[in-house]
Amino acid sequence: MDPSSIYIPHPHVADYIVIASFLCICTGIGIYNGHQTNKNPTLENYLLGNRRLLLLPVSMSLFVTFMSAISLMGIPAEVYAYGIIGILVFVANIFSVLIASNTIVPLLFPLKVTSAYEYLQLRFRSKGVRTFGTIIGMLQTLAYMGVSLYAPGLALQIVAGIPLWLSVVLIGLVGTLYTAIGGIKSVVWTDVFQFVMIFVGLAAVTIQGTVLMEPRHSIIEIAKEGRRLEITNFDLDPRTRHSVWGICIGLTFSLLPNYCNQASVQRLSSLRSLNAAKRAFWLLCPFLTCYYVVLGYLGILLYAYYNTLECDPVQAGFLTNFNQLMPFFVLDVLRSLPGLSGVYISCLFSGALSTLSSGINSLAANTVEDIIGNCLKESKIISQTTLAKLCVYVFGFVVIGLAYAINSMSGTITQMGLSIFGACGGPLAGLFFLGGMVPKANSKGAVFGALAALVFNVWMAVGSQMYGSRPRALTPNPMTGCFSDNITDTMNISSLYFLNTTEYASRYDVSGNLSVPVNNITTPEEGFYLYNVSYVWYGLIGFTLTLIIGTLVSLLTGSNGGSKVDPCLIFPIFRKMYGLESSCKYNKTDTDDNNSTGYPEA
């Protein structure tokens, strides 16, 4: 493989045609489902599809909602820079799915809730707990959507010449439009189409990249020599960025909130039966396994490809960060096959669109159900369904604006996304599990425990971002092939960002390897201990603090009384442990006959 093959690639006109077709199909699905929804324009139909959606499409929708452009770009970049241990996140994903399918699903489905946070009011008999949980969940969703929308836009700006504002606005407007028109049915069926696009795009890149490398070069042998296949780090130090314990256990509680939040509960509630809901979750396990195995292989392929070329595009300054590697690689290896690069870019757009559409649909549901509640239920000025559609538009524009604010954050986009999930999601999941596991927990304990955990987690995450140590990548690929005479003659020089001679000399030795730390990288022993705790532990820390503090405060302030807690509001697997009824039929409207809202008073 000749180093002269490296150049700044650009999409072919056929790629733009594929991208335009993809966006038109997504919009068309939204318009069609909007037409179907308008035949029965009720809020339940708009938000839950009349609870008659099908198992397989809902499972696919759950998958693409959380497997966004962040993982599509971030996991291969993570493997390229830090090694294969990063793909163990799929183990954490599977653990979180199994936990949720045995706790959250059998608890919430029989309650027939529209909002995930309805449960918090039912369980703790407090509107304040519900509102507090809603705010945490909405902030987490907004922040994650911002990263998901920003990630592909930034990468395509650098490697494909597509302006950041254009990518962000285009994805944002299309996702907002079809979500507002068709509601949950549009979101789910568009997600199904995007599910197919994601795997088609990954298959095209995997096959073509492997064909280019084999049989002349052994991808696995090159990765072994570069230490990219080391996966047995069992270090118990929480400051270790990635260890088997940290990823498999710590990240489980960062990902568990995915299945307690509004996006998951809406899909859970849209299915016909409890068995269908459980199976929809179980189907996620093979989807996740295949997905992360492919992404891990692509990370190894990336490393082997640029190792063979003796040119690391990031260290050479051709790209500004590792997050741009995957799109750069795709446009390079697929340049001889016009249209396939467009399939991959559509794959990235699929990841961003699925997260955006699910998120804004969920935020609209939270606004109508949790924030406004029944205030407009009898209104003759505006219906709840119309209000929900307006909320979709508002949140869509908010996320588009938020995507630009993400630009100041450092680290891989995978780390950004999981940090948000852990810092905010850990306390949120802890709130649900406090209610489902501890019959004596009351509203004071719930609010105080979750608030204390949230403040601690956010303080630690912000401090880590500002003052914590920066991760050290493994030894990078050489750069001797990047600046040779035969490569610069063929490159589009005007499109490249080259380090000037002085800057290059200050950062790299004669072999093209990093000679001094960059970005004030410190060792884990330097600085305040908690600022160096790995982001993989944020979820577990928040979850544990919420349970411990919430339980203690509840006991000190007077519990609800275990015998008085409706057994339907405790996880089924814990009911027998506490001597509660193993099964029950619950009607939330029967909670308080004198309360017009149908919920217990605070």
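Karplus-based coupling profile of region 386-403, in residue order and whole Hz: 5, 4, 4, 5, 5, 5, 4, 4, 4, 5, x, 5, 4, 5, 4, x, 5, 4, with θ = phi - 60° in 6.51 cos²θ - 1.76 cosθ + 1.60 and x standing for Gly or Pro.
Taking Lys and Arg as +1 and Asp and Glu as -1, the other residues whose beta-carbon sits under 13 Å from that of Y306 total -2. A simple spin-label model places pseudo-atoms 7 Å from Cα toward Cβ; at L474 and Y578 they are separated by 4.7 nm. Over the Cα atoms of region 96-177, the radius of gyration divided by the Kirkwood radius equals 1.18; this is the Rg/Rh ratio.
Rounded to the nearest 20, the size of the Cβ-charge dipole of region 211-282 about its Cα centre is 440 debye, with Lys and Arg at +1 and Asp and Glu at -1. Straightening the chain between Y16 and N50 buys 8.5 nm, computed as 0.36 nm per residue apart minus the Cα-Cα spacing.
Take the Cα of H217, go 7 Å toward its beta carbon, and the backbone nitrogen atoms of region 279-303 under 15 Å from that spot belong to 298-303. Under 5 Å between amide hydrogens, built in the peptide plane, is the criterion, and for L229 it picks out I84 among residues at least 5 positions away or on other chains. Extension gain, K224-R272: 0.36 nm per intervening residue step, less the Cα-Cα distance, totals 12.4 nm. For each pair in K112/K440; K39/K389; K278/K440, compute the distance between the two Cα atoms and list the pairs where it is over 21 Å. Going by Cα-Cα distance, K112/K440; K278/K440 fall outside the 21 Å limit. Legend: residue pairs K444/K564; K444/K576; K185/K444, Cα-Cα distance threshold 28 Å; pairs beyond threshold, K185/K444.
We did not get these values from a lab; they are worked out from the coordinates using the rules stated. Keep in mind that this is a model prediction, so the values were computed, not measured. Cβ sites come from the backbone with ideal geometry, for glycine too, and all protein chains shown count toward neighbours.
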